[in-house]
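A.B. asks: Please find one structure pasted underneath; my questions will follow.
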Amino acid sequence: MKNKWIKKFILELKSLKKFDIIWLILCTIGITITSIKTNNSPLAIIASIMGVIYVILNGCRLSIAFLFGIINTLVYGLVAYNNGLYGDFMMNVFYSCPCCVIGLIAWFKASKETVTAKVSAFNIKERLIFLLLIILSIFLYGVILTKLKDTQPYLDATTTVLSIGAYICLIKRKKEVWYLFNFSNILSIVMWAINYNSSNANLAILFMYIIYTLNSLLNTVRWEISNKKIKK
């Protein structure tokens, strides 16, 4: 079983195109240099690097991405906790990390006969229900975080709930995942920019979300094209 997983991961990495490899290297080098020059904490640096690798490989539809995701969610959760962002902490440690484990298994099974996982989409009814649940959840979680004295309760609640919804789409390999991540990442940039402005710390996390946003925009186009090809 162990050899089976290793062989699958090797095949996935070999399937990476030149553009993907160059993009991965540039982003990793960029965030590493930024982290070191701004004297970020070791945890923030590790979380940022693992996170960048995770989202890029996700965009390539490779199950190995979730291995990096597991490390990222655990370490990032600690960074969020240390900065008073308790919603982000709970979401990453108690939700995102288990989701990465589930995603790893689900994507591995879904791509047994192919190197990359196939993409699908929600129908109109499913999208409306999903949207209503997200709006309601943001409001309720915002109230909870306010009582917990979160530094940015409703912004934190919005990024958290959107990320939760995105993970559900990601595990199911739905193209809508990147639309949710686009919105969530932009709000996360705002949230960490506010945090950086007030404490002058964790620029690596802010830069990580900027790369996340660029990558999610790129993957929105990629998955739309992939979904259209599968329909045909």
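The values are calculated or read from the model by the stated rules, or taken from the named source; none is laboratory data. As the structure is a prediction and not an experimental result, all values here were calculated from the model. When we count neighbours, we look across all protein chains shown, and the Cβ atoms used for this are built from the backbone with ideal geometry, even at glycine.
A.B. asks: Restricting the search to the range 72-94, which residues are among the hydrophobic types (A, V, I, L, M, F, W, C) and touching a residue at least 40 places away in the same chain (Cβ under 8 Å)?
C.D. replies: So the first thing to find is which residues in the range 72-94 are among the hydrophobic types (A, V, I, L, M, F, W, C), and the list is 74-75, 78-80, 85, 89-91, 93-94.
Those that are among the hydrophobic types (A, V, I, L, M, F, W, C) and touching a residue at least 40 places away in the same chain (Cβ under 8 Å): V79, L85, M90, M91.
Residue-wise test of (1) closer than 23 Å to C60 by Cα; (2) buried (at least 22 other Cβ atoms within 10 Å of the Cβ); (3) among the aliphatic types (A, V, I, L, M).
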| site | (1), (2), (3) |
| --- | --- |
| N123 | no, no, no |
| L170 | yes, yes, yes |
| L187 | no, no, yes |
| Y212 | yes, yes, no |
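A.B. asks: Could you list all residues from the range 21-47 that are out of contact with any Leu (no Cβ under 9 Å at 6 or more places or on another chain) and touching a residue at least 60 places away in the same chain (Cβ under 8 Å)?
C.D. replies: G30, I31, S41, I45
A.B. asks: Working carefully through the options S63, S137, find the one that is in contact (Cβ under 8 Å) with a residue 24 or more places away in the chain and buried (at least 19 other Cβ atoms within 10 Å of the Cβ). Full working, then the answer.
C.D. replies: On the way: S137 fails: buried (at least 19 other Cβ atoms within 10 Å of the Cβ).
Result of the check over S63, S137: S63.
A.B. asks: Give me the residue from the range 89-117 that is surrounded by 14 or more Cβ atoms within 10 Å (Cβ to Cβ) and part of a loop (DSSP other than H, G, I, E, B) and, out of that set, modelled with the lowest pLDDT.
C.D. replies: S111
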